[in-house]
Amino acid sequence: MSHFAVVAPPLYSHFQALEALAVTLIGRGHRVTFVHRAAARPLIRDARINFTAIDTPTAAFRSGHRAFAMRASALSIRRVIVDMAASTDELASALPPLLDRLGVDAVIADQMEAAGGLVAEGVGLPFVSVACALPVDREAGLPLPVMPFSYATDARARQQYAASERIYDWLMRPHARVIATHAARFGLGRREALHHCLSPLGQISQTPATLDFPRQALPAHFHAVGPLRSPTSARGGRWTIDADRPFVFASFGTLQGHRFGLFEKVARACRRIGARLLVAHCGGLTAHQARRLQSRGATFVTDFADQHAALAQADAVVTHGGLNTVLDAITAETPMLVIPLAFDQPGVAARVAWHGLGERASRFASAGQIAEGLSRLLASDDYRQRLAASREGLISAGGVERAARLVEAALVTRTAGDARATGQAAQPQPAVVS
């Protein structure tokens, strides 16, 4: 039995995926402890998973990630970068003695929190990197995950990708300085960015080849396993479907559920095309706002809905482009209208559109433009055909059970890969639809 520490940003979607991996490892006889500020404790739902708070608990991450979610101005983005740097600094300072006190054997490090890989390497612990969002692994000729660009190989596109990368790195300088400072303290080589803190033993990604842009330079120990999900039985929703009318599901995730204005445009769009609409706002709206949405055209408005059940019934989904939701939509073969709002959502939206799994729209789109996008999704069978093909690759990727085997292989035996890993870096080239 091994004791694994999990280090990840305190975001529900990341903790949800890593919790599924943790529960699977616990079922295989291991111990798992999540380590972060005390305010992140409620994100852990399964009592079998341990949680240990670092010595400097603070609720700062809540305001920081909320600011990034709002994305209201350059100042809010700057604030998030500063908060991100502060979180990495706190964790990188607190983790070495804490991991030693806990008797940790290895680390499972989310790619989006540099401290996990940085500290593990610094104190000599084996570690695996997990990409709960789009992988941060960089490759010449590909846009960064946070960028909205589609895939192209011409000179103009490559120049655009390179220029945006320089701007991103300039904005991320506060975070880069923190990483470089701790890397020097540990006696490591050059470390200045998230992609400098990835595991040499194993990288696990939720993003399948059938969703990512074509990659040519992934390391041999990179494994796209698909969604990290615990086995669950879908509970039926309390909505009644009218077979004569399209059914649309709309959700913008746990951080974006407050966007009443956007939900309102979706409701008006569904009324315009005669579709029934289920809105799940994840507790972001008031009861008054929920009633207003129903007066604008929403059929059902709730805080939380069983997403798997809703997607299974829906003819289309309107989503912010969170990777977990997109992967669930592919599994359900539900065409997507992606309206990206923050984080890597612009990159996810670009990939969904490029693969022809749905369409993307601006958050500033009118109700009429949203209606047009939904009408195209509902009128064509091409989206569902491509989704069915993508789903096959998703299901065959191995999921959380394969991820657990990879963790054991890389962290327990300190070797990279598993029996199914060969050839994972070579990815099929999809038909381009844009």
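Overview of results
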{"quantity": "Odd one out for R296 among (1) charged (D, E, K, R); (2) under 21 Å from R245 (Cβ atoms); (3) touching a residue at least 40 places away in the same chain (Cβ under 8 Å)", "calculated": "(3)"}
{"quantity": "Any chance A86 is under 19 Å from P346 (Cα atoms) and aliphatic (A, V, I, L, M)", "calculated": "no"}
{"quantity": "In the stretch 348-405, the residues that are polar (S, T, N, Q) and either touching an Asp or Glu at 6+ places or on another chain (Cβ under 8 Å) or part of a helix (DSSP H, G or I) (or both)", "calculated": "Q369, S375, Q385, S390, S396"}
{"quantity": "Extreme residue, nearest to the chain's Cα centre (by Cα), among residues of the stretch 152-179 that are part of a loop (DSSP other than H, G, I, E, B) and over 15 Å from V82 (Cβ atoms)", "calculated": "A152"}
{"quantity": "Qualifying positions in the stretch 18-29 - touching a helix residue (DSSP H, G or I) at 6+ places or on another chain (Cβ under 7 Å) and assigned to a helix (DSSP H, G or I)", "calculated": "A20, L21, T24, L25"}
{"quantity": "Answer from L198, L278 - the residue that is within 24 Å of E113 (Cβ to Cβ), among the aliphatic types (A, V, I, L, M) and at pLDDT 95 or above", "calculated": "L198"}
{"quantity": "Test: residue in the stretch 226-241 that is closer than 30 Å to E359 by Cα, in contact with a Leu (Cβ under 8 Å, 6 or more places away or on another chain), at pLDDT below 95 and polar (S, T, N, Q)", "calculated": "no"}
{"quantity": "Selected residue [modelled with pLDDT of 95 or more and surrounded by fewer than 20 Cβ atoms within 10 Å (Cβ to Cβ)] from G103, G116", "calculated": "G103"}
{"quantity": "Check on F186, over 22 Å from the mean Cα position of the chain (by Cα) and aromatic (F, W, Y)", "calculated": "yes"}
{"quantity": "One residue from A47, A40, A67 being modelled with pLDDT of 85 or more and either closer than 28 Å to F186 by Cβ or in a helix (DSSP H, G or I) (or both)", "calculated": "A40"}
{"quantity": "Some residue of the stretch 345-366 being among the aliphatic types (A, V, I, L, M), farther than 30 Å from I81 by Cβ and at pLDDT 95 or above", "calculated": "yes"}
{"quantity": "Residue list for the stretch 190-205, filter: of a type in the set (G, A, S) and touching a helix residue (DSSP H, G or I) at 6+ places or on another chain (Cβ under 7 Å)", "calculated": "A193, S199, G202"}
{"quantity": "Unmet criterion (only one of (1) buried (at least 23 other Cβ atoms within 10 Å of the Cβ); (2) assigned to a helix (DSSP H, G or I)) for V317", "calculated": "(2)"}
{"quantity": "Residue in the stretch 180-196 that is assigned to a loop (DSSP other than H, G, I, E, B) and in contact with a strand residue (DSSP E or B) (Cβ under 8 Å, 6 or more places away or on another chain) present", "calculated": "no"}
{"quantity": "Residue identified as outside any loop (DSSP other than H, G, I, E, B) and either out of contact with any Gly (no Cβ under 6 Å at 6 or more places or on another chain) or of a type in the set (V, I, T) (or both) among A217, A120, A133", "calculated": "A120"}
{"quantity": "Meets criteria (touching a Ser or Thr at 6+ places or on another chain (Cβ under 6 Å) and over 23 Å from L21 (Cβ atoms)) for A365", "calculated": "no"}
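Results for (1) buried (at least 22 other Cβ atoms within 10 Å of the Cβ); (2) hydrophobic (A, V, I, L, M, F, W, C), shown as yes or no for each residue.
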position: D154; (1), (2): no, no
position: Y168; (1), (2): no, no
position: A193; (1), (2): no, yes
position: D212; (1), (2): yes, no
position: S230; (1), (2): no, no
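The values are calculated or read from the model by the stated rules, or taken from the named source; none is laboratory data. Quantities reported herein were computed from a predicted structural model and do not represent experimental measurements. Every residue, glycine as well, gets a Cβ built from its backbone with ideal geometry; the counts of neighbours run over all protein chains shown.
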